[in-house]
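Peer 1: One structure follows; several queries about it will come next.
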Amino acid sequence: MSAQPTPHEPGAGPMVEAHEVTRAFQSGGSTVTAVDNVSLTVARGEFLAVVGRSGSGKTTLLNLIAGLDQPDAGTILVDGAEVSRFNDAQMTEFRRHQVGFVFQSFGLLPLLSAAENVDLALRIAGAGIRERGERTRELLALVGLTERADHRPYELSGGEQQRVAVARALANRPRLIIADEPTGELDSTTGAQIFALLHEVARAGVTIVTATHDPFVMEHVDRVLEMSDGRILPEGDGVIVGQHRSRREPSSRPPRPEVPPARRFSR
Ligand SMILES: Nc1ncnc2c1ncn2[C@@H]1O[C@H](COP(=O)(O)OP(=O)(O)OP(=O)(O)O)[C@@H](O)[C@H]1O
Ligand SMILES: [Mg+2]
């Protein structure tokens, strides 16, 4: 067994440190070890993709990092704090102020407009009414949806809904964004735009951990880790990552799509 990670001051050290983390589920009399002794480090501002076959443990790992689930063994530090030992109050505070979530199915409230969906996130984070108005406009401009502020989700395309979801995830100025299959319900062009937008967010210093099946993620992220049967394969060994890597040859590399319209991003 190797040494435990040393807690560090917020703002210093890696954003995420998982150390020998295991999470198993009992179902139907058998045990599934969804995450099996995983250790990983994610640097500040890094955009990391976790890939792997269905059932390999990606969502389970992301949920553990996000504090939505607790490991059976091991430790997880996010920005120096041990998420795996948080009490309920610390966990609520963590989710409210430090992490943003982007989900496959967008997760917008259907009766609220794009602006109201973002505003609600700001309200939950405790922002005052004046700040909320300004910040909502700023966030919708960032994701290129100023013109759609008053549209409800059913009046938006899938890509536009996911852009609202990214704006909402950024509302509380999180240091970390967890995005589980953010392009799973989008066509490849729209999906690439979402990854390009997340790439821009990461460049502004927000750490992003995404799980995806999307082969084009390779064009946008800093690093790809592949999971198989709950474990992280040594970097470069993965079958899927290996396949994707061949797409990076200059001749076959598609141009990076523009985020329409690209705005300067500020946290
Ligand atoms: N709550 C649960 N109870 C029982 N088994 C679970 C539970 N959650 C996940 N599992 C099992 O753990 C394994 C990993 O699941 P997980 O959802 O993390 O995979 P995944 O890599 O995200 O897959 P996908 O690509 O399909 O989203 C699977 O075998 C799954 O059936
Ligand atoms: Mg999953």
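The values are calculated or read from the model by the stated rules, or taken from the named source; none is laboratory data. Model, not experiment: these values are computed from the prediction. Cβ coordinates were reconstructed from backbone atoms using ideal geometry, including for glycine residues, and neighbour counts include every protein chain displayed.
Peer 1: Return the pair list, or none, for Cβ contacts closer than 8 Å from residues in the stretch 75-91 that are among the basic types (Lys, Arg) to residues that are modelled with pLDDT of 90 or more, at least 6 apart or on different chains.
Peer 2: Matching pairs, first to second residue: Arg85/Thr75.
Peer 1: Quick check: anything in the stretch 160-178 within 16 Å of ligand 1 (Cβ to nearest atom), closer than 19 Å to Ala43 by Cα and buried (at least 21 other Cβ atoms within 10 Å of the Cβ)?
Peer 2: Taking the stretch 160-178 and keeping what is within 16 Å of ligand 1 (Cβ to nearest atom), we get 178.
Adding the requirement that they be closer than 19 Å to Ala43 by Cα leaves 178.
If we keep only those that are buried (at least 21 other Cβ atoms within 10 Å of the Cβ) as well, we get 178.
Looking for residues that are within 16 Å of ligand 1 (Cβ to nearest atom), closer than 19 Å to Ala43 by Cα and buried (at least 21 other Cβ atoms within 10 Å of the Cβ), one finds at least one in the stretch 160-178, hence yes.
Peer 1: Could you list all residues from the stretch 151-179 that are closer than 21 Å to Ala127 by Cβ and assigned to a helix (DSSP H, G or I)?
Peer 2: Those that are closer than 21 Å to Ala127 by Cβ and assigned to a helix (DSSP H, G or I): Arg163, Val164, Ala165, Val166, Ala167, Arg168, Ala169, Leu170.
Peer 1: Could you say which residue among Leu120, Leu64 is under 22 Å from Asp222 (Cβ atoms) and of a type in the set (A, V, I, L, M)?
Peer 2: Details: Leu120 fails: under 22 Å from Asp222 (Cβ atoms).
From the options Leu120, Leu64, the qualifying one is Leu64.
Peer 1: Oh, and also: List the pairs whose first member sits in the stretch 200-227 and is under 21 Å from Arg53 (Cβ atoms) and touching a residue at least 24 places away in the same chain (Cβ under 8 Å), whose second member is of a type in the set (Ser, Thr, Tyr) and within 16 Å of ligand 2 (Cβ to nearest atom), and whose Cβ atoms are under 6 Å apart, counting only residues at least 6 apart or on separate chains?
Peer 2: Sorted first by the residue in the stretch 200-227, then by its partner, the pairs are Asp214/Thr183; Met227/Ser56.
Peer 1: I'm trying to understand the selection: among the residues of the stretch 15-30, which are farther than 18 Å from Thr59 by Cβ and either more than 19 Å from the chain's Cα centre (by Cα) or at pLDDT below 95 (or both)? Break it down into steps so the answer makes sense when it comes.
Peer 2: So the first thing to find is which residues in the stretch 15-30 are farther than 18 Å from Thr59 by Cβ, and the list is 15, 17, 19-20, 28-30.
Scanning the stretch 15-30 gives His19, Glu20, Gly28, Gly29, Ser30.
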